[in-house]
Amino acid sequence: MDFFEISSDDCILLKAFKESESLREAAKLLNTDPAGVARKAQQISNKYGFLAKVKNRWQLTPKGLDLVAWTESCILSQKKILSGCTQIRIASTMWFAEEYLIPNFKLIESTFGNLKKFSMLVMNTSFEATLIQGDADYAFACHAPETPEIAHKKIA
């Protein structure tokens with residue numbers, strides 16, 4: 001992710017640290033291995049300074065708390081938009097749609113219970129272009145975004 005300062009996954013990890021008492025509890029919230037969370041916490045601490053070890057425990061720094069507040073605001077804004085949304089458009093590769101989206105359609109539908117229309121778009125352009133042009137609401141890709149405009153794209 002050459003164009004982005006910090007990934008959305010890192011923002012979610014920081015949010016988990018805010019919501020938990022320990023690294024193990026944060027890992028449980030994220031449904032992942034505590035050792036991996038510890039390594040990622042160390043990287044985030046070294047690179048950005050959003051986390052610091054205090055008395056042998058990871059804690060958010062003031063900068064980290066600000067980023068978590070921004071992350072929570074973004075999540076709330078997406079939830080608010082989705083609560084009024086009757087349609088959701090998901091772009092993916094054909095393989096991903098066949099292997100994961102279609103078999104889990106009922107789960108996706110129940111997650112977004114108020115949807116009246118759900119559509120999948122198989123890509124013929126880049127994922128970034130599809131999102132920026134407004135042809136899809138979400139895109140599933142196997143690589144990090146290459147266009148910095150994606151960092152600021154909101155569902156409209």
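Any read-out appearing in this document is the output of simple, stated calculations on the displayed coordinates, not a laboratory observation. Only a predicted model underlies this, so the values are computations on that prediction, with no experimental measurement involved. Using ideal geometry, Cβ is built from the backbone for each residue, glycine included, and neighbour counts are taken over all protein chains shown.
Prolate is the label for region 1-102, because a/c, from the alpha-carbon gyration tensor with a ≥ b ≥ c as root eigenvalues, is 1.5 or above and a/b exceeds b/c.
Checking the cross-link pairs K28/K55; K47/K79; K63/K106; K53/K106; K28/K106 against a 32 Å limit on the alpha carbon distance flags K63/K106; K53/K106 as lying beyond it.
According to the square roots a ≥ b ≥ c of the eigenvalues of the Cα gyration tensor, what is the shape class of region 58-99, taking rounded for a/c under 1.5, prolate for a/b larger than b/c otherwise, and oblate for the remainder? The shape class here is oblate.
Candidates A52, C11, L76 compared by Cα position along the dipole of region 1-85: farthest toward the positive end lies A52, with charges placed on Cβ. Each residue, M94 and K106, gets one label point 7 Å from its Cα in the Cβ direction; the gap between the two is 2.7 nm. In this structure, the amide hydrogen of W58, modeled 1.01 Å from its nitrogen in the peptide plane, lies closer than 5 angstrom to those of L23, counting only residues at least 5 positions away or on a different chain.
Peptide packing for 6-16, 92-102 was compared via the average number of neighbouring C-beta atoms within 10 Å per residue; ordered from the highest value, the list is 6-16, 92-102.
Residues whose amide H comes within less than 5 Å of that of L51, counting only those at least five positions distant or on another chain, are S45, T61 (H built at 1.01 Å from N in the peptide plane). A cut-off of 5 Å between modelled amide H atoms, ignoring neighbours fewer than 5 places along the same chain, links A139 with A91.
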